[in-house]
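Everything on this sheet refers to the single structure shown next.
The values are calculated or read from the model by the stated rules, or taken from the named source; none is laboratory data. The shown structure was predicted, so the numbers you read here are calculated from the model rather than taken from an experiment. Note that each Cβ is placed from the backbone with ideal geometry, even for glycine, and that neighbours are counted across all protein chains shown. Quick note on the areas: whole protein, heavy atoms, side chains included, nothing else; ligands and nucleic acids left out. Shrake-Rupley method; radii C 1.70, N 1.55, O 1.52, S 1.80 Å.
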Amino acid sequence: MTFASLGLAAPLLQALENLGYQTPTPIQKQAIPAVLAGRDLMAAAQTGTGKTAGFALPVLQRLAGAATPVGSNAVRALVLTPTRELAEQVHASFQQYGQHLPLRTYAAYGGVSINPQMMKLRKGVDVLVATPGRLLDLYRQNAVKFGELQTLILDEADRMLDLGFSRELDAVFAALPKQRQTLLFSATFSDEIRSMAKARLRDPLSIEVSPRNTAASSVKQWVIPVDKKLKPELFLHLLKDRRWGQVLVFVKTRKGAELLVSTLQAKKIPADAIHGDKPQPARLRALEAFKAGEVQILVATDVAARGLDIDDLPQVVNFDLPIVAEDYIHRIGRTGRAGATGEAISLVCADEAPLLAAIETLTKKTLEREEEPGFEPDHRVPMTNGAGQLVKKPKKPKVAGGRKPKNVPGNWVGFDAPAAGPARRTAKPVANAAGKPRGR
Ligand code: AMP
């Protein structure tokens, strides 16, 4: 099947040829004709499936057919995304696909000055890609009007709800014309998403391109059990030992991201972080530097990482497991794209075992565990049973006279407590308990 046979017009086909796209992906095959025909869509698709072109191409084609130019402050197609990065990325796709069409596109998001955005919107835009909060600010200041709106696209709707944008979405829905085309894309379909779809979409075509909640099969995934305090050292060891090139590393917190970057930089490894505390220009710079190969290790939190479009990334490392199991799928969706193979390695410590169990339940897959010689954990990572539960450790046989009296907190030792007795490891940690590089 070709893009031409899906009914796309010459300027779009030309752009696709320039980009080297030869055949439509499964989601594109289904979505493009349906969107061209004006249908609503409810699509279960994760990043890496080609979903962006699945909606951008037919939306551009429909807009190109308009008889009159867009009015002042008006917008004809609105794409809502959960994060600034995804807004930039989706906008870049619209620009690429629409390079031979006389259409105006723009991306607006928070964290940067609103005034230039208001100026830009004065003439009106055919396609506006926006994050929900900033869109509402612009709307409330009359910088954007929805009277000409034809199509609304919700990209990564599940993530928008996870990030607490539910109220903003309701406010946007209330401001939009009832007569419109609505396309909803989501990696996962929770009950909340389903009820939103039921309320806001009209007889939508349902598309599901990869089985629900599964990761691309071309990604080799495994777990390395390790004590929490040795994660930085293990990461450095793997980086060197496996001769990794560029790696996208996921951490739980902004602080954790900064800490890992400074540990790597102290070792003269080019690293940068991308997280919600960083100003938008700095995030974009870090991403561009990573894409250009100037930064070897990009350390990201989940919020910042949503929507990162990085091609040919063979290595994803979960330095920390995500709190929300679905994020595991989004994280590893950065590798193994478009049929390429990739590796996703999770460094898992004992107190992350419940998170691991949740991921395994969601993906219906028990992740293989491989201990790294020299880094075997002192604090065992409890086994999971594939049904979201941890397998209890068999009780130790009672020792005569060894029973502790009740209420003595002798066992109140956290998972990260240093092992009793002499260290049995030869390798030395690179960070001390405070997470600071040694010798500084
Ligand atoms: P997405 O799932 O929209 O984030 O797209 C994933 C990646 O696949 C992006 O880098 C796209 O540029 C690329 N892509 C999308 N559709 C095709 C196609 N039909 N052929 C080749 N690459 C594609």
Read through the list (1) without any contact (Cβ under 8 Å) to a residue 60 or more places away in the chain; (2) within 11 Å of Val79 (Cβ to Cβ), then give the number of the only condition that Val127 fails.
(1)
Here are Leu6, Leu101, Leu12: which of them is out of contact with any Ser or Thr (no Cβ under 9 Å at 6 or more places or on another chain) and more than 16 Å from the ligand (Cβ to nearest atom)?
Leu101
Residue in segment 107-125 that is open to solvent by 30 Å² or more (accessible area, probe 1.4 Å), within 16 Å of the ligand (Cβ to nearest atom) and either closer than 24 Å to Asp277 by Cα or of a type in the set (Asp, Glu) (or both) present
no
Across (1) modelled with pLDDT under 90; (2) within 16 Å of the ligand (Cβ to nearest atom); (3) within 14 Å of the chain's Cα centre (by Cα), Val303 clears everything bar (2)
Candidate set from segment 8-17 (those that are of a type outside the set (A, V, I, L, M) and at pLDDT 95 or above); member that is surrounded by the fewest Cβ atoms within 10 Å (Cβ to Cβ):
Gln14
Scan of segment 57-77 for residues that are out of contact with any Gly (no Cβ under 6 Å at 6 or more places or on another chain), open to solvent by 30 Å² or more (accessible area, probe 1.4 Å) and over 16 Å from Tyr97 (Cα atoms), ordered by number
Ala66, Ala67, Thr68, Pro69
When you look at Ala92, is it farther than 26 Å from Pro204 by Cβ and not polar (S, T, N, Q), yes or no?
yes
Apart from one, (1) in a helix (DSSP H, G or I); (2) modelled with pLDDT of 95 or more all hold for Ile269; the odd one out is (1)
Subset tally (residues that are open to solvent by 60 Å² or more (accessible area, probe 1.4 Å) and more than 11 Å from the ligand (Cβ to nearest atom)) for segment 18-56
4
Checked segment 232-255 for anything open to solvent by 20 Å² or more (accessible area, probe 1.4 Å) and closer than 25 Å to Glu85 by Cα; matches are Gly245, Gln246, Lys252, Thr253, Arg254, Lys255
Hits in segment 63-76 - residues which are touching a residue at least 60 places away in the same chain (Cβ under 8 Å) and not in a loop (DSSP other than H, G, I, E, B):
Leu63, Ala74, Val75, Arg76
Filter segment 179-196 for residues that are open to solvent by 10 Å² or more (accessible area, probe 1.4 Å) and modelled with pLDDT of 95 or more; which is farthest from Val59 (Cα to Cα)?
Gln179
Can Pro204 be described as surrounded by fewer than 16 Cβ atoms within 10 Å (Cβ to Cβ), under 28 Å from Pro132 (Cβ atoms) and of a type outside the set (Gly, Ala, Ser)?
no
